[in-house]
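Remarks on the structure that follows.
The values are calculated or read from the model by the stated rules, or taken from the named source; none is laboratory data. Just so we're clear, the structure is a prediction, and the values are computed from it rather than from any experiment. Positions of Cβ are backbone-derived with ideal geometry, glycine not excepted, and every protein chain shown enters the neighbour counts. SASA here: full protein model, heavy atoms, side chains in, ligands and nucleic acids out. Shrake-Rupley method; radii C 1.70, N 1.55, O 1.52, S 1.80 Å.
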Amino acid sequence: QVQLVESGGGLVQAGGSLRLSCVASGSIFSINAMGWYRQAPGKERELVAVILDGGTTNYGDSVKGRFTISRDNAKNTVYLQMSSLNADDTGVYYCNVLIRTHYWGQGTQVTVSS
């Protein structure tokens, strides 16, 4: 079993920055991909960013140029640096890890006040 613990969410003013972290623990042999998804009230969960084992990254269109995903393989940790935040970035952010199957964190709330 794999456990994911997210941290770093909170309340921030528009234009501000936040950094999310997600640590994976448990039965980890090889992490294929680590990423972040978010879900706003009344909307479907959407991809924010993903980083593959080799370092290749992919971002949702709405966050390109503002968010940066990175990972520390030695610590089984993925980070999401978020800048120039706006009200549309408000939502619950979920960590996702692919290790033969997908695992999800419990989510961390990000609220951007305008």
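How many percent of Cα pairs in the chain exceed 16 Å? It works out to 55 percent of all Cα pairs.
Per-residue extension of 0.36 nm, minus the Cα-Cα distance of K64 and K43, leaves a gain of 5.6 nm for this segment. The distance linking region 1-55 with region 63-114 is 3 Å (Cα centroid to Cα centroid, whole angstrom). Of the solvent-accessible surface of the chain, computed with a 1.4 Å probe and all protein chains present, 47% belongs to carbon and sulfur. Where in region 70-92 does the label zone of V23 land, with the point 7 angstrom along Cα→C-beta and an amide N cut-off under 12 Å? Inside the label zone: 75-78. Multiplying each eigenvalue of the alpha-carbon gyration tensor of region 44-88 by 5 and taking the square root yields semi-axes of 20, 12, 9 Å, largest first, rounded to whole angstroms. Label-to-label distance, T57 versus L98, with points set 7 angstrom from Cα along the beta-carbon direction: 1.8 nm. Take 91-98, 74-81 and order them by the average number of nearby Cβ atoms within 10 Å per residue, most first; the result is 91-98, 74-81.
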